[in-house]
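Structure record follows, encoded as structure tokens.
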Amino acid sequence: MYEAPLDSILVHSFIVEGPTKLVLFDSQLLLPFAAELADYIESIGKPLDRIIVSHAHPDHWSGLYRMHPRFPDAQIYAFKDIIAYMKANGDEILRQRRAKTALGPNLAPEATLPTATLEPGSQVIDSVTYDFQALENGESEHQTVVRLPDLGVLMVFDLVGSKSEHMFIVLPTFNPWIGALEALKAQQFSTLLAGHGLPVQRSDIDATIEYLRTAKELYHQHSEPSPFAEAMIAAFPDRDHGEWIQFAALMLYKVIDP
């Protein structure tokens with residue numbers, strides 16, 4: 001796993017190493033860290049077979065702009081709905097991020113789109129079995145969950161966060177998201193991998209459900225992003241990175257696009 005520093009919101013990229021090749025999940029937000037990730041991948045000494053985009057939020061795909069030229073033979077995969085969202089909105093989302101944040105030149109100037117469609121279901125890639133699951137209306141409209149059954153790994157990306165950190169709630173899809181988390185608890189896994197910040201474990205699924213239930217209540221009490229974010233920070237004073245929910249609230253209240 002590669003983790004970006006805090007100024008790139010501790011976003012994670014996951015590398016699965018098979019006997020002869022690599023599979024990368026997500027490509028970072030800021031271009032310098034995408035380049036650093038590319039350097040690390042090259043240092044492993046095995047070809048990168050493909051890059052898989054977990055969902056359509058740019059902190060997980062902006063770095064494709066740097067990664068694709070470094071690994072031109074690696075196909076970029078995503079579910080068809082994720083591809084459609086990136087195609088329709090990717091460039092505008094990046095423009096808004098440049099206008100509304102200080103990220104500026106470290107963001108991709110344009111969206112690099114996936115080149116191949118990921119299909120749900122079980123696939124074997126370089127002797128590693130993957131179970132690709134498509135979820136709707138969680139942290140994003142279209143979300144990938146990946147289980148590696150032989151390794152006991154479940155990749156949930158931004159669906160789950162550590163109980164010690166605030167989360168990114170960018171859509172008012174509270175009930176479907178909670179339902180998805182309840183279903184995840186029934187899956188078999190020993191290692192849980194999330195998209196940002198501190199390592200997570202099974203108990204963080206319930207902590208995320210509690211966080212979402214509170215967010216749902218407060219969302220209906222407030223009509224502006226700042227009061228909502230302040231209320232969430234007050235409700236969870238032991239969670240770090242209040243700036244994450246403050247930024248997410250801009251998307252939740254449609255000040256900027258997710």
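Just so you know, all these numbers are worked out from the coordinates, no wet-lab data involved. Everything numeric in this text was worked out from a predicted model, so none of it was measured. Quick reminder, even Gly has a Cβ in these numbers, built from the backbone with ideal geometry, and neighbours come from all protein chains shown.
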Cleavage-rule hits, GluC sites (Glu not before Pro), the stretch 194-241, DSSP coil, Cβ neighbours within 10 Å at most 13:
none
How large is the dipole of the stretch 113-219 about the Cα centre if only Lys and Arg carry +1 and Asp and Glu carry -1, each at its Cβ, rounded to the nearest 20 debye?
200
Jot down the radius of gyration and Dmax of the stretch 1-118, Cα atoms only, both in angstrom.
13.3, 44
Between Glu217 and Asp150, what length comes free when the chain is fully extended (0.36 nm per residue of separation minus the Cα-Cα distance, one decimal in nm)?
20.2 nm
Give, as a single signed number, the net charge of other residues whose beta carbon lies under 11 Å from the beta carbon of Phe247, with Lys and Arg counted +1 and Asp and Glu -1.
0
Close lysine pairs (the chain; alpha-carbon distance under 22 Å; 8 or more apart or on separate chains) counted at 8
Kirkwood Rh in Å, taken over all unlike Cα pairs in the stretch 103-183:
15.0
Short version: ³J(HN,Hα) in whole Hz for each residue of the stretch 84-96, in order, from phi by Karplus 6.51 cos²θ - 1.76 cosθ + 1.60 (θ = phi - 60°), x for Gly and Pro, what are they?
4, 5, 5, 5, 7, 10, x, 5, 5, 4, 5, 4, 5
For the stretch 74-81, Karplus-derived ³J(HN,Hα) couplings (6.51, -1.76, 1.60; θ = phi - 60°; whole Hz; x for glycine and proline) come out as 8, 5, 9, 10, 6, 4, 4, 5
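Can you show me the helix-derived [θ] at 222 nm for the chain, built from DSSP H runs with n ≥ 4 at -39,500 (n - 2.57) apiece and divided by the number of residues, rounded to the nearest 500. Please report the intermediate quantities before stating the final value.
Numbers: 7 runs with 94 residues, N = 258.
Taken over the chain, the calculation gives -11500 deg cm²/dmol.
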Using 7 Å Cα-to-Cβ label points, what is the Arg202/Asp240 separation (nm, one decimal)?
2.6
Principal axis box of the chain, alpha-carbon based, largest edge first, Å
52, 42, 30
Distance between Cα centroids, the stretch 235-258 to the stretch 174-189: provide it in whole Å.
22
